[in-house]
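What follows is a set of notes on a single structure, which appears directly below.
The values are calculated or read from the model by the stated rules, or taken from the named source; none is laboratory data. All values derive from a computational prediction rather than experimental measurement. Reconstructed Cβ throughout: ideal geometry from the backbone, glycine too, with neighbour counts over all protein chains shown.
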Amino acid sequence: MAQNVTEKLIAAHLVEGAMEPGGEIALTVDQTLTQDATGTMVMLELEAMGLDRIRTELSVQYVDHNLLQTDEKNPDDHLFLQSAAQRFGLWFSKAGNGVSHPVHQSRFGRPGATMIGSDSHTCAAGALGMLAIGVGGLEVAMAMAGQPLYVTMPEVWGVELTGELPDWVSAKDVVLEMLRRHGVKGGVGRVIEYHGPGLAGLTAMDRHVIANMGAELGATTSVFPADEAVRDYLTAVGRPDAHSHLVADEGATYDLTERIDLSALVPLIARPSSPGDVVPVAEAAGEEVSQVVIGSSANPGLRDFAVVAEMLHGRQSDPGVSVDVNPTSREVLADLISGGWLTSLVAAGARIHQSGCMGCIGMGQAPASGRNSLRTMPRNFPGRSGTEEDAVWLCSPETAAAAALTGRITDPRTLTESHGMPYPRPAMPERFSAFDGMLLAPLDPDRAAEVELVKGPNIASLPSFEPLEDRLDVPALLVMGDDVSTDEIMPAGSRVLPYRSNIPRIADFSFVRIDPSYPERAKETPGGHVVVAGENYGQGSSREHAVIAPRHLGLRAVIAKSFARIHWQNLANFGVLPLEFEDPGDCDAVKQGDEVVLEGIREALTGGHTLIARIGGRTVTLRHRLSDRQVEMVLAGGRIPLTAQSV
């Protein structure tokens with residue numbers, strides 16, 4: 001039977017379950033990716049499990065998020081991560097080497113492989129024909145220990161690309177068009193597989209841009225074929241032997257279908273403060289801009305920087321605009337230098353920062369309050385930039401550069417007339433730079449066994465969590481609306497992320513963007529509590545701190561209209577019961593402080609998918625989507641306690 005690329009990848013790694021959408025399946029995992037904002041938890045989990053050495057084909061620990069060293073916390077964590085990588089047998093990418101996703105694609109990615117990562121943008125590796133899925137850190141730790149990945153079998157959404165991108169339109173506009181059509185929930189429960197004749201005009205790095213922001217659609221992942229474009233890319237980065245041909249069979253079908261005519265696209269922009277609020281740039285033109293940031297895993301290729309450099313060449317950026325450039329890797333920085341593009345950027349007034357995520361995760365580059373910031377990044381959730389009342393727009397490098405020149409949001413297509421500017425098409429080198437010096441290879445097992453974990457004073461052991469009670473009589477401590485992001489549950493940024501290895505301390509920041517009183521109120525409610533939310537609760541980052549920290553403060557269940565995939569999995573992993581309203585209208589009647597009573601929880605979870613609750617004196621029907629495996633996990637207090645029971 002003819003198979004599409006996604007089906008081939010899943011079939012080659014399937015160890016449990018059937019390939020029928022909606023059921024739970026288990027997949028073998030070839031590679032894993034961790035970064036420093038989430039990796040400290042993963043390494044502590046490996047230590048808690050007593051793992052001797054990882055069981056995957058290859059695992060890499062990157063340091064790319066928390067690069068600012070304003071005190072000892074970040075460098076202490078970097079030393080801990082390096083010692084853990086040596087102890088457990090991982091590759092280690094040093095601080096400043098680059099953003100995990102493009103570096104991994106360049107140095108380690110291979111068609112046909114599965115990869116999971118404790119970063120929601122792990123899906124970017126789908127550009128190479130990989131099945132790459134962002135998950136919580138505990139699932140990555142389990143995969144390193146040799147366990148399969150359990151995931152709900154997705155529908156495969158085939159998106160046919162036709163035509164060619166017109167001048168001033170690039171890959172970012174393709175994924176923004178998907179977000180314009182479908183919003184931040186459009187991909188939930190689906191893998192997006194791109195195919196069609198339009199692929200011929202998209203390089204592997206163009207595909208990386210599109211696959212990366214599939215996370216913003218809520219998709220399980222995005223997949224491209226491993227065709228000639230992937231072969232050319234792997235040759236250009238010096239790894240031609242890594243290529244293998246992987247394309248859909250003739251006659252392959254999809255569960256859902258869609259078509260995008262690339263030639264009909266226009267420059268697009270996501271308005272503050274959601275990646276799903278997308279409009280044509282022409283519609284937003286004229287808005288004053290005070291900052292432009294170029295970089296991040298959402299526009300990481302040399303071309304994305306070079307096109308900005310050529311637009312700014314011989315010109316000066318607007319005096320009212322701060323132009324910030326974050327090269328995504330040492331290789332990109334070297335190629336910007338050798339191509340002369342870095343000189344153009346510096347001469348135009350750009351500020352050149354180190355290779356890493358930086359402003360994307362709120363580590364520096366916070367915009368001025370009340371001023372617009374245009375960024376080539378994947379997310380613009382409220383406050384993520386580091387400024388509480390921020391106004392962050394997401395756009396292509398072309399649109400960002402146009403604003404840098406004019407000081408206003410500007411449709412880049414107008415520059416041909418206003419500035420006499422032809423559309424730049426920078427010539428890429430036949431061979432990209434390839435540096436491996438800052439990638440530290442795993443130690444051999446004998447030497448690794450002698451390594452001691454280096455723990456600074458800010459690194460605390462994981463808290464232990466008790467089993468779920470059979471009866472809950474607790475308050476709804478917080479009631480929220482739709483699309484609550486993990487950035488709102490557990491903020492990122494330079495004030496919070498340095499405590500990522502210290503759960504008791506980072507817990508003090510739980511939900512403060514929504515209700516600053518939550519941490520103290522939770523501490524004053526010793527019997528535990530629940531929180532209530534609307535649709536798509538927990539969208540965004542994979543950070544499991546957004547579960548562990550509230551759990552530490554007594555969170556026992558979350559009742560929502562619906563959940564984002566990764567956060568839902570993380571809740572179950574750490575023993576927090578994720579429940580959904582059978583009638584979404586019941587959610588709207590819940591008020592903060594309402595008493596929530598759940599009785600006979602064990603029997604209800606093991607006997608079916610429906611629970612009856614009393615909320616504020618009203619009888620409400622709730623349901624859960626947990627598998628039998630996850631039910632056992634939640635009842636035990638989480639995956640770690642459950643694993644400990646069998647040891």
Within region 398-417, can you find the residues that are outside any loop (DSSP other than H, G, I, E, B) and of a type in the set (V, I, T)? T399, T406, T414, T416
Please go through region 511-537 and give me each residue that is surrounded by fewer than 21 Cβ atoms within 10 Å (Cβ to Cβ) and part of a helix (DSSP H, G or I), ordered by number. P519, E520, R521, K523
From G186, G218, G251, which residue is touching a strand residue (DSSP E or B) at 6+ places or on another chain (Cβ under 7 Å) and not assigned by TED's automatic domain parsing to the domain that holds S485? G218
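Kindly indicate whether V332 is farther than 19 Å from L394 by Cα, in contact with a strand residue (DSSP E or B) (Cβ under 7 Å, 6 or more places away or on another chain) and either β-branched (V, I, T) or assigned to a strand (DSSP E or B) (or both). Before the answer, list the steps.
Numbers: farther than 19 Å from L394 by Cα: yes; in contact with a strand residue (DSSP E or B) (Cβ under 7 Å, 6 or more places away or on another chain): no; either β-branched (V, I, T) or assigned to a strand (DSSP E or B) (or both): yes.
Judged against the criteria, V332 is not a match.
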Scope region 60-79; condition crowded, with 19+ Cβ neighbours inside 10 Å and under 23 Å from the mean Cα position of the chain (by Cα); matching residues: V60, Q61, Y62, V63, D64, H65, N66, L67, N74, D77, H78
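If you go through region 201-250 one residue at a time, how many are among the charged types (D, E, K, R) and under 25 Å from the mean Cα position of the chain (by Cα)? Explain how you work it out, then say what you get.
Restricting attention to region 201-250, the residues satisfying the condition of being among the charged types (D, E, K, R) are 206-207, 216, 227-228, 231-232, 239, 241, 249-250.
Those left that are additionally under 25 Å from the mean Cα position of the chain (by Cα): 206-207, 216.
Residues flagged as among the charged types (D, E, K, R) and under 25 Å from the mean Cα position of the chain (by Cα) within region 201-250 amount to 3.
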Just checking, which of L478, L462, L453, L443 is among the aliphatic types (A, V, I, L, M), outside any helix (DSSP H, G or I) and in the same structural domain as G534 (by TED's automatic domain parsing)? L478
Considering region 490-510, residues that are closer than 15 Å to G540 by Cβ and modelled with pLDDT under 80, and then whichever is surrounded by the fewest Cβ atoms within 10 Å (Cβ to Cβ), we arrive at G493
When you look at R425, is it over 21 Å from S494 (Cα atoms), surrounded by fewer than 17 Cβ atoms within 10 Å (Cβ to Cβ) and of a type in the set (K, R), yes or no? yes
Any residue that is crowded, with 19+ Cβ neighbours inside 10 Å, touching a Gly at 6+ places or on another chain (Cβ under 6 Å) and within 30 Å of M153 (Cα to Cα) - is there at least one of those in region 257-273? yes
Restricted to region 270-323 and to residues being part of a strand (DSSP E or B) and of a type in the set (G, A, S), the residue nearest to M205 (Cα to Cα) is G295
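So, in region 348-360, exactly how many residues are in contact with a Lys or Arg (Cβ under 9 Å, 6 or more places away or on another chain) and closer than 16 Å to E310 by Cα?
Residues of region 348-360 that are in contact with a Lys or Arg (Cβ under 9 Å, 6 or more places away or on another chain), as a first pass: 348, 355, 359-360.
Right, trim to closer than 16 Å to E310 by Cα and you get 348.
Count: 1.
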Residue count, region 351-366 (criterion: at pLDDT 90 or above and surrounded by fewer than 24 Cβ atoms within 10 Å (Cβ to Cβ)): 4
Residue pairs qualifying under the 8 Å Cβ cut-off, at least six apart or on distinct chains, with the first in region 307-329 being more than 18 Å from M428 (Cα to Cα) and the second being among the aromatic types (F, W, Y), are V325/F305
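Taking the conditions exactly as written (in a loop (DSSP other than H, G, I, E, B), acidic (D, E), assigned by TED's automatic domain parsing to the domain that holds N573 and within 23 Å of A215 (Cα to Cα)), does D483 satisfy them or not? Full working, then the answer.
Numbers: in a loop (DSSP other than H, G, I, E, B): yes; acidic (D, E): yes; assigned by TED's automatic domain parsing to the domain that holds N573: yes; within 23 Å of A215 (Cα to Cα): yes.
So D483 passes the test.
Within region 182-240, take every residue that is in a loop (DSSP other than H, G, I, E, B) and among the β-branched types (V, I, T) and give me the one that is surrounded by the most Cβ atoms within 10 Å (Cβ to Cβ). If you could, list the steps in order and put the result at the bottom.
Let us first name the residues in region 182-240 that are in a loop (DSSP other than H, G, I, E, B), namely 186-187, 189, 196, 202-203, 218, 220, 224-225, 227, 237-239.
In the following step, the residues that additionally are among the β-branched types (V, I, T) were identified as 203, 220, 237.
On the way: T203: 18, T220: 28, V237: 18.
The qualifying residue surrounded by the most Cβ atoms within 10 Å (Cβ to Cβ) is T220.
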The lone condition G420 fails out of (1) among the small types (G, A, S); (2) closer than 29 Å to L571 by Cα; (3) part of a loop (DSSP other than H, G, I, E, B) is (2)
If we keep just the residues of region 113-151 that are among the hydroxyl-bearing types (S, T, Y) and under 14 Å from V60 (Cβ atoms), which is modelled with the highest pLDDT? T122
Suppose we filter E389, E398 for residues that are surrounded by fewer than 24 Cβ atoms within 10 Å (Cβ to Cβ) and of a type outside the set (F, W, Y); which single one remains? E389
With (1) touching a helix residue (DSSP H, G or I) at 6+ places or on another chain (Cβ under 8 Å); (2) acidic (D, E); (3) outside any loop (DSSP other than H, G, I, E, B) as the list, and E469 as the residue in question, which single condition is left unmet? (3)
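Every residue in region 26-85 that is part of a loop (DSSP other than H, G, I, E, B) and in contact with a strand residue (DSSP E or B) (Cβ under 7 Å, 6 or more places away or on another chain), please. Before the answer, list the steps.
Just the residues of region 26-85 that are part of a loop (DSSP other than H, G, I, E, B), to begin with: 28-30, 50-57, 63-72.
Answer for region 26-85, where residues must be part of a loop (DSSP other than H, G, I, E, B) and in contact with a strand residue (DSSP E or B) (Cβ under 7 Å, 6 or more places away or on another chain): T28, V29, D30, T56, E57, V63, D64, H65.
Would you point out which residue out of S517, S464, S501, S510 is more than 18 Å from M43 (Cβ to Cβ) and in contact (Cβ under 8 Å) with a residue 40 or more places away in the chain?
Numbers: S517 fails: in contact (Cβ under 8 Å) with a residue 40 or more places away in the chain; S464 fails: more than 18 Å from M43 (Cβ to Cβ); S501 fails: more than 18 Å from M43 (Cβ to Cβ).
On inspection, the qualifying residue turns out to be S510.
Which residue, of T414, T376, T406, T343, is in the same structural domain as F305 (by TED's automatic domain parsing) and in contact with a strand residue (DSSP E or B) (Cβ under 8 Å, 6 or more places away or on another chain)?
Numbers: T414 fails: in contact with a strand residue (DSSP E or B) (Cβ under 8 Å, 6 or more places away or on another chain); T406 fails: in contact with a strand residue (DSSP E or B) (Cβ under 8 Å, 6 or more places away or on another chain); T343 fails: in contact with a strand residue (DSSP E or B) (Cβ under 8 Å, 6 or more places away or on another chain).
Exactly one of T414, T376, T406, T343 is in the same structural domain as F305 (by TED's automatic domain parsing) and in contact with a strand residue (DSSP E or B) (Cβ under 8 Å, 6 or more places away or on another chain), namely T376.
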Residue selected from region 567-605 under the condition among the small types (G, A, S) and farther than 26 Å from P641 by Cα, by the criterion surrounded by the fewest Cβ atoms within 10 Å (Cβ to Cβ): G585
Note on G420: of the conditions (1) within 30 Å of A84 (Cβ to Cβ); (2) at pLDDT below 95, unmet is (1)
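Matching residues to (1) crowded, with 23+ Cβ neighbours inside 10 Å; (2) under 27 Å from A219 (Cα atoms):
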position: D277; (1), (2): no, yes
position: A285; (1), (2): no, no
position: L302; (1), (2): yes, yes
position: M311; (1), (2): yes, no
position: S317; (1), (2): no, no
position: L342; (1), (2): no, no
Return yes when N299 is outside the structural domain of D487 (by TED's automatic domain parsing) and in contact with a strand residue (DSSP E or B) (Cβ under 8 Å, 6 or more places away or on another chain) and no when it is not. no
